[in-house]
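Below is one structure, written out as structure tokens; comments come after it.
The values are calculated or read from the model by the stated rules, or taken from the named source; none is laboratory data. What you see is a predicted model, and the numbers here were worked out from it, not measured in a lab. Glycine gets a Cβ as well: all are built from the backbone with ideal geometry, and neighbour counts include every protein chain shown. Note: areas computed on protein heavy atoms with side chains; ligands, DNA, RNA excluded. Shrake-Rupley method; radii C 1.70, N 1.55, O 1.52, S 1.80 Å.
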Amino acid sequence: MPAMPAQFLLNLFIAFLWMLFNDEDEFRLSTFCVGFLVGIGIVFLMHRFFGRKFYLQRLFSAIKLILIFISELIQSSYLVIKHIVSPKIVHPGIFKYQTVLKGDWEVTTLALLLTLTPGSVVMEVTPEGNVFYIHAMDIEKYRGNLIRSLGKFEKAIMEVTRE
């Protein structure tokens, strides 16, 4: 059995045991929640025996990825709005980016996150999935920002998907 589900099942077992030890006549959600929190503490102390990282770290990593995306979305939206309000000559272009991500889920997530941020679009991904061709709204000004964003996204995606 993989470690993440095993840790979660152990946590549920501890929560139900907590309810039994409190000797209540009926199911109370508050007692179960307290038992679940106690279980989190116990599983956290025991997680190294599973040989994998603590199962809630993946949840925290996913929340971190969402917060990074929201931050990048706000920053890129501001830049696009700034271009709309005070139009200047932009130099759109396409550049090649090699990613360290592997697997369909990781590559697709990176492509979608970048495409959802204004000012850039992933035009093509090679069949191997390791090279992106990205269209940037103003390549001369914002290529560095895009590469920085891609690095942040890659790191956060790897924290979520890899153990």
Legend entry - Residues being open to solvent by 60 Å² or more (accessible area, probe 1.4 Å) and modelled with pLDDT under 90 - total across the range 129-146: 4
Inset, instruction - Would you be able to say whether some residue in the range 31-53 is under 22 Å from the mean Cα position of the chain (by Cα) and within 24 Å of GLU106 (Cα to Cα)? - result: yes
Inset, instruction - For residues that are open to solvent by less than 50 Å² (accessible area, probe 1.4 Å) and of a type in the set (Ser, Thr, Tyr), scanning just the range 60-85, find the one that is farthest from the chain's Cα centre (by Cα). - result: SER77
Inset, instruction - Identify, by number, the condition in (1) surrounded by 14 or more Cβ atoms within 10 Å (Cβ to Cβ); (2) small (Gly, Ala, Ser); (3) at pLDDT 90 or above that ALA3 doesn't meet. - result: (3)
Legend entry - Total residues in the range 42-74, condition under 20 Å from GLY151 (Cα atoms) and either in contact (Cβ under 8 Å) with a residue 12 or more places away in the chain or of a type in the set (Phe, Trp, Tyr) (or both): 10
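What tally of residues in the range 115-147 results from selecting those that are out of contact with any helix residue (DSSP H, G or I) (no Cβ under 9 Å at 6 or more places or on another chain) and not hydrophobic (A, V, I, L, M, F, W, C)?
Matching residues across the range 115-147 total 10.
Given the options GLY129, GLY151, GLY144, name the one that is over 18 Å from GLU72 (Cα atoms) and small (Gly, Ala, Ser). Even if it seems obvious, please write down each step before you answer.
Working: GLY151 fails: over 18 Å from GLU72 (Cα atoms); GLY144 fails: over 18 Å from GLU72 (Cα atoms).
Unique residue meeting the criteria: GLY129.
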Legend entry - Tally, over the range 148-163, of residues that are open to solvent by 50 Å² or more (accessible area, probe 1.4 Å) and modelled with pLDDT under 90: 2
Legend entry - Lone unmet requirement of (1) part of a helix (DSSP H, G or I); (2) open to solvent by 30 Å² or more (accessible area, probe 1.4 Å); (3) within 30 Å of LEU9 (Cα to Cα); (4) not β-branched (Val, Ile, Thr) for ARG52: (1)
Inset, instruction - Within the range 113-125, work out how many residues are touching a strand residue (DSSP E or B) at 6+ places or on another chain (Cβ under 8 Å) and open to solvent by 20 Å² or more (accessible area, probe 1.4 Å). - result: 7
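Answer yes or no as to whether THR99 is in contact with an Asp or Glu (Cβ under 7 Å, 6 or more places away or on another chain), surrounded by 13 or more Cβ atoms within 10 Å (Cβ to Cβ) and within 26 Å of ILE63 (Cα to Cα). Even if it seems obvious, please write down each step before you answer.
On the way: in contact with an Asp or Glu (Cβ under 7 Å, 6 or more places away or on another chain): yes; surrounded by 13 or more Cβ atoms within 10 Å (Cβ to Cβ): yes; within 26 Å of ILE63 (Cα to Cα): yes.
Answer is yes for this residue.
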